[in-house]
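Report on the structure given below.
None of the figures in this text is laboratory data; all of them are computed from the coordinates on show. Only a predicted model underlies this, so the values are computations on that prediction, with no experimental measurement involved. Virtual Cβ from ideal backbone geometry, glycine too; neighbours counted across all protein chains shown.
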Amino acid sequence: MRRTRRTGTAPELAVRRALHRRGLRYLVDVAPPGTNRRRRVDVLLRGAKIALFVDGCFWHSCPEHGQVPKANREWWEVKLRGVVVRDRDTDLQLAAAGWLVVRVWEHDDPEQVADRVVALVAAGVRPPQA
């Protein structure tokens, strides 16, 4: 577990490189203003007010690839359910603070993710006001 990276994972780096190639500049691993300081965003585009998360399939319970370990199953189910609940709460906090939340999975194509984000920036999409 010590070797599990919190930030700078290979999928996250691939998405960041794709965004950078498209001319977007961003902050990495930051707590956006107006939210719980313990919650951090993988990629933050300040001008567009977009908070991008690259969620790992295991930790964030991907419906396609997420699996609960067989050993100590009950503990892992509670742990992983807690991560999903925290993700939804983070989404609500960010939306309330005026951020558009974009969540992608680690298995998503980084180029398609970058294209999606560029389209959101170009369209000037803003989160709905709560």
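What is the magnitude of the charge dipole of the chain about its Cα centre, with +1 placed on the Cβ of each Lys and Arg, -1 on the Cβ of each Asp and Glu, and no other charges, expressed in debye to the nearest 20?
580
Work out the charge dipole of the range 1-110 with +1 on the Cβ of Lys and Arg and -1 on the Cβ of Asp and Glu about the Cα centre, then indicate which of Gly82, Leu44, Val102 is farthest towards its positive end.
Among Gly82, Leu44, Val102, the one farthest towards the positive end of the dipole of the range 1-110 is Leu44.
Are there trypsin sites (Lys or Arg not before Pro) in the range 45-130 that DSSP marks as loop and that have at most 12 other Cβ atoms within 10 Å, and which are they? If you can, show how the numbers build up before the last one.
Values: sites: Arg46, Lys49, Lys70, Arg73, Lys79, Arg81, Arg86, Arg88, Arg103, Arg116; in loops: Arg46, Lys49, Lys70.
Sites meeting the loop and neighbour criteria: Lys70.
Between the helical axis of 10-21 and the dominant principal axis of the chain, each derived from Cα atoms, what acute angle in degrees is found, rounded to the nearest 10?
10
Relative contact order, percent, of the chain when contacts are C-alpha pairs under 8 Å separated by at least 6 residues?
Contact order relative to length: 28 percent.
Scale the Cα Rg of the range 14-66 by the rule-of-thumb value 2.2 N^0.38 Å and send over the ratio, two decimals.
1.27
Can you put His20, His60 in order, fewest other beta carbons within 10 Å first?
Final ranking by Cβ density, sparse to dense: His20, His60.
Please express the Cα-Cα pair-distance distribution P(r) of the chain as a list of whole percents, one per 10 Å bin, running from 0 to the bin with the greatest distance.
All Cα pairs considered, the percentages come to 12, 41, 35, 10, 1.
I need the GluC sites (Glu not before Pro) found in the range 1-102, filtered to DSSP loop residues with at most 12 other beta carbons within 10 Å of theirs.
Within the range 1-102, the qualifying GluC sites (Glu not before Pro) (loop, at most 12 other Cβ atoms within 10 Å) are Glu64.
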